[in-house]
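K.L.:
Quick one: the structure is below, and I'll ask about it shortly.
The values are calculated or read from the model by the stated rules, or taken from the named source; none is laboratory data. The structure presented is a predicted model; accordingly, all values stated were derived computationally and were not measured. Here the Cβ positions follow ideal geometry from the backbone for every residue, glycine too, while neighbour counts run over all protein chains shown.
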Amino acid sequence: MNQIKSYIAEHKERFLTELIDILKIPSISADKAYKKDVLKTADTIKYSLEKVGCDTVEICKTDGYPIVYAQKIIDKNLPTILVYGHYDVQPPDPINLWDSPPFEPVIKKTDKHPDGAIFARGACDDKGQMYMHVKAMEFMTATNQLPCNVKFMIEGEEEVGSANLATFVKNNTEKLKNDVILISDTGMIANNVPSITTGLRGLSYVEVEVTGPNRDLHSGLYGGAVANPINILTKMIASLHDENNHITIPGFYDNVEELSQQERAEMAKAPFNLDAYKKALDINAVYGETGYTTNERNSIRPTLDVNGIWGGYTGEGAKTVIASKAYAKISMRLVPNQDWQNITKLFKTHFENIAPQGVTVKVTPHHGGQGYVTPIDSVGYKAASKAYQDTFGKTPIPQRSGGSIPIVALFEQELKSKTILMGFGLDSDAIHSPNEHFGVWNYLKGIETIPLFYKYFTELSR
Ligand code: BES
Ligand code: MN
Ligand code: MN
């Protein structure tokens with residue numbers, strides 16, 4: 001057994017207990033009621049980085065939740081890897097759909113994870129994946145084989161848009177200077193099909209409000225004579241897609257990068273089983289834009305989805321009412337070259353234009369970010385590929401993801417370095433959903449693979 005494998009075998013139980021302790025803290029950045037817990041998590045991460053041998057470890061205050069920063073500089077002439085991750089998590093709602101409480105981690109076996117998986121909010125996104133880097137660092141310092149310099153930047157606001165991190169990055173470009181950025185906050189195809197994420201989608205998130213009459217009305221006395229905001233809102237939303245499931249907002253596709261037939265053929269080589277996909281979701285058919293495959297629809301094509309819609313009476317029984325207002329939250333996933341601020345503007349103009357007389361419409365933009373693609377011929381990608389080759393025994397497949405980490409595009413813009421996305425989660429790990437989990441095998445495989453990335457990145461940078 002090689003050294004990293006035996007180190008993991010020896011310390012496995014402790015690696016799990018330490019992660020479980022972090023998962024017990026409900027660091028929900030979206031809900032102010034958990035402020036103390038979010039701050040406590042930052043302290044815990046700071047302590048863990050001190051313990052694994054970082055020289056400088058600090059809690060950097062922002063206008064929101066702090067950023068944990070740490071570094072170990074062994075030689076100015078060696079390359080520097082900047083590790084990014086997040087210690088905040090999504091709210092656990094709907095809580096009644098969890099089989100075990102979200103902040104009381106348990107290890108259970110699943111079909112995909114015969115060695116067991118840790119069930120808890122944040123297990124995969126991103127505490128488990130972020131902590132792999134802390135434990136990989138422990139291995140490298142404990143055995144005296146850290147081959148290069150390392151910086152850690154772990155934030156607490158990723159799940160709410162990273163607004164303060166953007167400012168921090170812009171103000172600290174010298175401190176954050178690096179040769180490559182390494183992130184484990186994505187997934188891979190399967191445990192026996194390793195892949196490296198080469199793209200992320202951008203995002204524009206908006207909230208809309210449709211107002212009709214100045215108060216809720218009796219639906220008998222007024223029904224049929226005034227615009228019902230819920231009827232109107234749903235009609236407006238339905239019109240945002242045509243019969244081919246193309247988005248109808250004028251200009252929406254203007255800058256969309258079309259992949260060549262060759263690139264699409266390359267993508268289609270990744271193993272994908274449509275029946276298994278449908279079965280896993282209990283759906284009898286997939287649904288989406290005409291002319292594209294499922295894997296294309298969820299990675300290289302932009303989308304528009306309602307994330308929530310409400311208004312009127314939703315309590316028990318029936319209440320006859322025409323609501324004064326109706327609301328929806330809408331996300332648009334974007335592909336490289338679509339500018340999120342421009343898309344937000346196009347949406348706003350279009351949505352206001354299609355509102356019929358009798359209602360007023362308000363569009364409030366939330367957060368957003370640009371998409372990202374990374375080349376597969378960079379030193380970073382090659383180093384990652386070699387690392388996976390060693391630990392999985394297979395060359396990883398490059399694959400674009402449908403998810404978003406909006407800050408990655410900003411990293412490249414401000415820090416002028418490429419990001420390598422070494423994700424070890426599976427799509428079935430239920431991130432953002434009830435019963436989120438992270439495979440124990442995946443956690444340990446990540447810890448095993450990361451030090452090899454350091455090694456190969458240092459070697460290939462010479
Ligand atoms: N880690 C995810 C993004 C992700 C997951 C990318 C899996 C690729 C594969 C991240 O924490 C996340 O949830 N991002 C949000 C956007 C953010 C602005 C709230 C998303 O994609 O919805
Ligand atoms: Mn994440
Ligand atoms: Mn997330």
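K.L.:
Scan region 77-94 for residues that are within 13 Å of ligand 3 (Cβ to nearest atom) and within 15 Å of the chain's Cα centre (by Cα) and report the count.
P.N.:
7
K.L.:
Let me ask you something else. Can you confirm whether A117 is over 22 Å from the mean Cα position of the chain (by Cα), of a type in the set (A, V, I, L, M, F, W, C) and within 30 Å of D390 (Cα to Cα)?
P.N.:
No: the conditions fail for A117.
K.L.:
Look at L281 and say whether it is on the phi < 0 side of the Ramachandran plot, surrounded by 12 or more Cβ atoms within 10 Å (Cβ to Cβ) and either not assigned by TED's automatic domain parsing to the domain that holds G358 or not polar (S, T, N, Q) (or both).
P.N.:
Answer is no for this residue.
K.L.:
Quick check: anything in region 41-50 in the same structural domain as E174 (by TED's automatic domain parsing), assigned to a loop (DSSP other than H, G, I, E, B) and not aromatic (F, W, Y)?
P.N.:
no
K.L.:
Might you let me know whether region 329-336 holds any residue that is among the aliphatic types (A, V, I, L, M) and at pLDDT below 95?
P.N.:
Looking for residues that are among the aliphatic types (A, V, I, L, M) and at pLDDT below 95, one finds none in region 329-336, hence no.
K.L.:
Let me ask another. Please work out which one of (1) within 24 Å of the chain's Cα centre (by Cα); (2) loosely packed, with under 14 Cβ neighbours inside 10 Å; (3) under 17 Å from V206 (Cα atoms) is the condition E352 fails and give its number.
P.N.:
(1)
K.L.:
Just checking, does region 87-110 include any residue being among the aliphatic types (A, V, I, L, M) and buried (at least 19 other Cβ atoms within 10 Å of the Cβ)?
P.N.:
yes
K.L.:
Which pairs have Cβ atoms under 7 Å, sit 6 or more apart or on different chains, and link a residue in region 200-229 that is at pLDDT below 95 to one that is hydrophobic (A, V, I, L, M, F, W, C)?
P.N.:
From region 200-229, no pairs qualify.
K.L.:
Looking only at region 157-177, filter to residues that are surrounded by fewer than 14 Cβ atoms within 10 Å (Cβ to Cβ) and of a type in the set (S, T, Y); which one of those is farthest from Q71 (Cα to Cα)?
P.N.:
It comes out as T167.
K.L.:
Provide a single number: the residues in region 396-440 that are within 23 Å of H113 (Cβ to Cβ), touching a Pro at 6+ places or on another chain (Cβ under 8 Å) and more than 15 Å from ligand 3 (Cβ to nearest atom).
P.N.:
2
K.L.:
Among residues belonging to region 207-242 that are under 29 Å from the mean Cα position of the chain (by Cα) and small (G, A, S), point out the one that is surrounded by the most Cβ atoms within 10 Å (Cβ to Cβ).
P.N.:
Selected residue: S239.
K.L.:
Could I ask something else about it? Would you confirm whether or not region 412-426 contains a residue that is surrounded by fewer than 22 Cβ atoms within 10 Å (Cβ to Cβ), more than 23 Å from A387 (Cα to Cα) and hydrophobic (A, V, I, L, M, F, W, C)?
P.N.:
So far as region 412-426 goes, yes, one or more of its residues are surrounded by fewer than 22 Cβ atoms within 10 Å (Cβ to Cβ), more than 23 Å from A387 (Cα to Cα) and hydrophobic (A, V, I, L, M, F, W, C).
K.L.:
Would you check if I450 is buried (at least 24 other Cβ atoms within 10 Å of the Cβ), more than 24 Å from F103 (Cα to Cα), in the same structural domain as P101 (by TED's automatic domain parsing) and more than 16 Å from ligand 1 (Cβ to nearest atom)?
P.N.:
Yes, satisfied.
K.L.:
Of the residues that make up region 414-430, is at least one within 15 Å of ligand 2 (Cβ to nearest atom), of a type in the set (D, E), modelled with pLDDT of 95 or more and outside any helix (DSSP H, G or I)?
P.N.:
Checked region 414-430: no residue is within 15 Å of ligand 2 (Cβ to nearest atom), of a type in the set (D, E), modelled with pLDDT of 95 or more and outside any helix (DSSP H, G or I).
K.L.:
Find the residue count for region 167-180, including only residues that are more than 21 Å from G368 (Cα to Cα) and either within 16 Å of ligand 1 (Cβ to nearest atom) or part of a loop (DSSP other than H, G, I, E, B) (or both).
P.N.:
Final tally of qualifying residues: 8.
K.L.:
Now a separate question. Condition first: within 12 Å of ligand 1 (Cβ to nearest atom), within 19 Å of Y131 (Cα to Cα) and not hydrophobic (A, V, I, L, M, F, W, C). Can you find one or more residues in region 143-154 that meet it?
P.N.:
Among the residues of region 143-154, not one is within 12 Å of ligand 1 (Cβ to nearest atom), within 19 Å of Y131 (Cα to Cα) and not hydrophobic (A, V, I, L, M, F, W, C), which makes the answer no.
K.L.:
Just to check your reading of the model, which residue among K319, K325 is within 22 Å of N214 (Cβ to Cβ), without any contact (Cβ under 8 Å) to a residue 60 or more places away in the chain and not acidic (D, E)?
P.N.:
None of the other options fit; the residue is K319.
K.L.:
OK, next. In region 17-38, what count of residues is obtained for those that are within 22 Å of G128 (Cβ to Cβ) and either without any contact (Cβ under 8 Å) to a residue 60 or more places away in the chain or part of a loop (DSSP other than H, G, I, E, B) (or both)?
P.N.:
Selection size over region 17-38: 11.
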